[in-house]
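Remarks on the structure that follows.
Read the figures in this text as sums done on the coordinates, not as results from a lab. Computed from a predicted model, the values in this text were never measured in an experiment. With ideal geometry, Cβ positions are generated from the backbone for all residues, glycine too; neighbour counts draw on all protein chains shown.
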Amino acid sequence: MGVSQAVGGGGGSVATGSGVAGGGATATGDVTAPGNATNSNVTATAGAAAGSGGDSSQGSGAAGGAAVARSKASSSGLTSVNSSATAQDGNGGSGSGVGNAGGAGGASTASASGTSTGAGFVGVSASAGGASGSGGNGFGGASGGAGASESVMNAVSGSTAGQLVLTQSASGGLGGNTSGALSGSAGMGGNASSALDVADKDAASLTATVEAGGGSGGGTDNGKAGAGGDAVATLTATSTTASSVTGAAAAAGGDGGFNAAAGIHSGTGGNASANVSISANGGAGSATATGGASAVAAGSADAIASISNAKSGGAAASSRSNDGAGDEVLTTAGSPVGGPASAATKTAIATGEKPSVTLVAGQAQSVAALTPGGRTFGVGAMSAGYGGEGESLTYTDGADFDFTTAAAGTLYVDLVSNVSSGVGFDSLRLDIDVNGEQHTYGFTNLASAEAFFDGNALDLGSFAVGSQVVEFTYTLTASESDFAGFGFTYNAAGLPIFPAVPETKTWVMTLLGFGSLAYAAFRRQREIGDSSSVVIAWIELSHSRAACAPDDRTSTARSPRTGAPSTDRPTSLRSDSPSCRHR
């Protein structure tokens, strides 16, 4: 085992003028095990922590120091090899007085490698930033310092004929705060970027993880809050020998700074983007993105995972945006391997968003946005395109909206438009859960789905004042190799943009009522030997707007108390009537 630690000295503080910069730190670990080592681990660890910048009582704080950590471990035996490097930035010093500022956080570099020529386990990790690199605070009208930005690229590497695990992360520093009766502008959170490209040709199995976290913006008593840092995590992993390759990328934008006077996160939230691309015999890829919280401008989140040249596995993606006060939107997507497989998600909190729907072979996609301040609570699009070669594959999308309403009302889901390819699907199902009450709609033919998802408004019942939770789950199963697929766009709103279709309980009871009247009339007509007028009346009654629902649509309402299905039976209605064809 080899351990190397280095700590930089802090910069000197001054009464007036600028403080003295923090000292740097460099740590290097290098361990090699003998070829006959079989019962012990080979571990190399390097840790470097830079010094903080000096403070100033009447001036600007100094910048934090820079840190460098490098680690290398190797073995020619059967032992496990572990190599890790961690570099922590120096924090900026505090500043005081109008026109001055806290010091910026220092930058850092970390890299690590591991090798086993005896097919042993190899684990390698490198981390730059961590809980460090904060901007210095500002007092008496001084602004906060900027958090350190970190960029890590291909900082980890390894080689073995056994199991290889690689982990790489970058974290931006926090923006400096401002305080006092006279507050300056708080510091911006540092950006973070972590990118890894692995092209392996030896390992039996490969696992790679890439992470990036933007720093949160600085807070303020009554000045301007700092913006959160952006985060980008990108992973490309290819193996010609591994039986399985697992890759994950996670990115989180920094939260916008908190304004104490306003009681909200008023700084802009950092955006987040995560991208994973896997190419191997068997692969699993996941991408997760979380935008930074802000009540004014929350960060967007964009995630995509894709897999190629694999015989098994799947792709998964998720995105999340929130306002820091409980309102948030989450999207998920999952796609199985059967050819190319990909999952794409995106979220935002913004007015005027109009998600579009696209079809991509082998891809499940969910895009959604909370749209505060209007009659529409949220908008979104979901789609799935078949990517297999004739086998049955199931794709899933999800979207969860958590929001607060100041008044009671009725929730409508507007099904705005749709797009399809080939035969569309073998089966399709949409579940909408509104505050614990589930509504289910199922289809087995394309014409029915196209009619239902085009210009319909679903009345999903009333809601009370307060917190609302609306969850969408979309499932598509297909086996048509000629690129089958289906997608749609939707709104969740307090007022519909189309004539509302009553929920099952409403229109089933209405039709049953009409049916009773028709049957009574039929009995009267039978007594006089003529039933033709009754049949015509029933057909005309069936040509209502609700009858434009598909033949195979089913809707199941569940008790809000027990969660059990209601006694309403699935009802089939014609979708080929003249009133449907000529809407």
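Some values worked out for this structure:
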{"quantity": "Estimated FRET transfer efficiency when R0 is 51 angstrom, pair residue 459-residue 154 (beta carbons, to 0.05)", "calculated": "0.40"}
{"quantity": "For residue 161, distant residues with modelled amide H under 5 Å away", "calculated": "119, 120"}
{"quantity": "With eigenvalues of the C-alpha gyration tensor scaled by 5 and rooted, segment 356-486, Å", "calculated": "30, 13, 13"}
{"quantity": "Rounded to whole Hz, the Karplus (6.51, -1.76, 1.60) HN-Hα couplings of segment 280-288, x for glycine and proline", "calculated": "6, 4, x, x, 9, x, 9, 10, 10"}
{"quantity": "Pairs from 311/354; 72/346; 72/201 whose Cα-Cα separation, in the structure shown, is over 31 Å", "calculated": "311/354; 72/346"}
{"quantity": "Cut-off 12 Å between beta-carbons: net charge of the residues surrounding residue 126, Lys and Arg +1, Asp and Glu -1", "calculated": "0"}
{"quantity": "Segments 378-384, 55-61, 482-488 sorted - mean Cβ within 10 Å per residue, highest first", "calculated": "378-384, 55-61, 482-488"}
